[in-house]
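Undergrad: I'd like to ask some things about the structure below.
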Amino acid sequence: MLTAEQRAAYQRDGFVVLPDFASPDACARLRRRAVEIVDAWEPSALRSVFTTNEQTRSSNREFLDSGSGTWCFFEEDALGPDGELTQPKELSINKVGHAQHDLDDEFDGFSRDPRLAEVAADIGLHDPLALQSMYIFKQPRIGGEVSCHQDATFLYTTPITVTGFWFAIEDATLDNGCLWAVPGGHTGPLRQVFKRNDADDPPDADGTVFEQLDTTPLPEPPADVRAPGTSPFVPLEVDAGAMVVLHGLLPHWSGPNRSGTSRHAYSLHCISAAADYPDWNWLQRPADMPLRPL
Ligand code: FE2
């Protein structure tokens, strides 16, 4: 699937952009299905907010259980002080996650495109397993920032194998919160890991903790996306249908969406079946729902 230049770019930069990977029809079908899932979603009294600053996001039981389910997470800014929605539900969901690639036919079909396994082989990801999926809405005006992070923090294996396949379902621009990445940043160390600690906590504790591995600071995102200045981040403005492949150690970030246009994206994270997946990762599957190949 990948040219020698694309493979070299991935090794050098830690990411590669493949324009027009997904057809307009495939994007439209996935978008329609995501909206259907939200339409059918009945929010419980306890609302799971995906606090998009990943340092402080809530880690309630729904979040921890969502690794084997299909859950809708609200935007932080969608809830008023009384916990009620301030705008329609369909404009209030941050993302759907984290197992629809195994539970929903439309997501399964999109995620098991045979070309993805070829891309995985091209970049040296052997025996890929589809671990986690997210349909991200980045809603108009309230779409939240996703703070700078490395995916291996949240989906750790030994050795590190997590790889992100990120699809623009709609055009991603500077204005609506496109991805940003630090070319070559994947050669740096893993800064921290995000661990379950429910064994040590009372049941009402949040059940997760960050453990620092390396004190090297993550690069600082630009304060103004229209004036990146000295930030080492580059914007990945892509048209709908593009796929971005992201190395698990690559620092990446996306800003808030203050525009009137949504920025839908689908993200699928894969690991190698040959790597060790510790039982302290936040995402755990029940025994009767094993991970399936890409
Ligand atoms: Fe990420």
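Undergrad: Please list, ordered by residue number, the strands (runs of 3 or more DSSP E) wholly in the stretch 219-294 having 1 or more residues that are within 16 Å of the ligand (Cβ to nearest atom) and touching a helix residue (DSSP H, G or I) at 6+ places or on another chain (Cβ under 6 Å).
TA: Qualifying strands (runs of 3 or more DSSP E): 243-247, 265-272.
Undergrad: Let me confirm something: among L268, L249, which residue is closer than 27 Å to I123 by Cα, out of contact with any strand residue (DSSP E or B) (no Cβ under 6 Å at 6 or more places or on another chain) and open to solvent by less than 30 Å² (accessible area, probe 1.4 Å)?
TA: Criteria check complete, one pass: L249.
Undergrad: Please tell me if T70 is polar (S, T, N, Q), open to solvent by 20 Å² or more (accessible area, probe 1.4 Å) and touching a residue at least 40 places away in the same chain (Cβ under 8 Å).
TA: The answer is no for T70.
So that you can scan it fast, the table gives a plain yes or no per residue for (1) under 27 Å from R141 (Cβ atoms); (2) under 21 Å from the mean Cα position of the chain (by Cα):
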residue: E220; (1), (2): yes, yes
residue: A223; (1), (2): yes, no
residue: H247; (1), (2): no, yes
residue: L250; (1), (2): no, yes
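Undergrad: Please go through the stretch 155-188 and give me each residue that is more than 24 Å from G241 (Cα to Cα), surrounded by 19 or more Cβ atoms within 10 Å (Cβ to Cβ) and not β-branched (V, I, T), ordered by number.
TA: L155, Y156, G185, H186
Undergrad: Moving to a separate point now. Hey, could you check the stretch 129-139 for residues that are away from the ligand (no atom under 14 Å from the Cβ) and out of contact with any helix residue (DSSP H, G or I) (no Cβ under 7 Å at 6 or more places or on another chain) and say which is least open to solvent (accessible area, probe 1.4 Å)?
TA: In this case the residue turns out to be F137.
Undergrad: Condition check: over 26 Å from A8 (Cα atoms), surrounded by fewer than 22 Cβ atoms within 10 Å (Cβ to Cβ) and touching a Phe, Trp or Tyr at 6+ places or on another chain (Cβ under 8 Å). Does S147 satisfy that?
TA: Against the criterion (over 26 Å from A8 (Cα atoms), surrounded by fewer than 22 Cβ atoms within 10 Å (Cβ to Cβ) and touching a Phe, Trp or Tyr at 6+ places or on another chain (Cβ under 8 Å)), S147 qualifies.
Undergrad: Okay, moving on. Considering only the stretch 189-198, state which residues are crowded, with 20+ Cβ neighbours inside 10 Å and part of a loop (DSSP other than H, G, I, E, B).
TA: Passing the criteria: only R191.
Undergrad: Considering only residues that are surrounded by fewer than 23 Cβ atoms within 10 Å (Cβ to Cβ), in contact with a helix residue (DSSP H, G or I) (Cβ under 9 Å, 6 or more places away or on another chain) and of a type outside the set (D, E, K, R), which ones fall in the stretch 100-123?
TA: L103, G109, S111, I123
Undergrad: State which residue is modelled with the lowest pLDDT when the search covers only the stretch 226-236 and only residues that are buried (at least 17 other Cβ atoms within 10 Å of the Cβ) and more than 17 Å from the chain's Cα centre (by Cα).
TA: Top of the filtered list is S231.
Undergrad: Counting residues that are touching a strand residue (DSSP E or B) at 6+ places or on another chain (Cβ under 8 Å) and at pLDDT below 95, which strands (runs of 3 or more DSSP E) fully inside the stretch 70-177 reach at least 1?
TA: Where strands (runs of 3 or more DSSP E) fall fully within the stretch 70-177 and carry at least 1 residues being touching a strand residue (DSSP E or B) at 6+ places or on another chain (Cβ under 8 Å) and at pLDDT below 95, they are 70-74, 93-98, 146-149.
The values are calculated or read from the model by the stated rules, or taken from the named source; none is laboratory data. Remember, predicted model here, so these are calculated numbers, not experimental data. Reconstructed Cβ throughout: ideal geometry from the backbone, glycine too, with neighbour counts over all protein chains shown. In case anyone asks, the SASA skips ligands and DNA or RNA and just uses the protein heavy atoms, side chains included. Shrake-Rupley method; radii C 1.70, N 1.55, O 1.52, S 1.80 Å.
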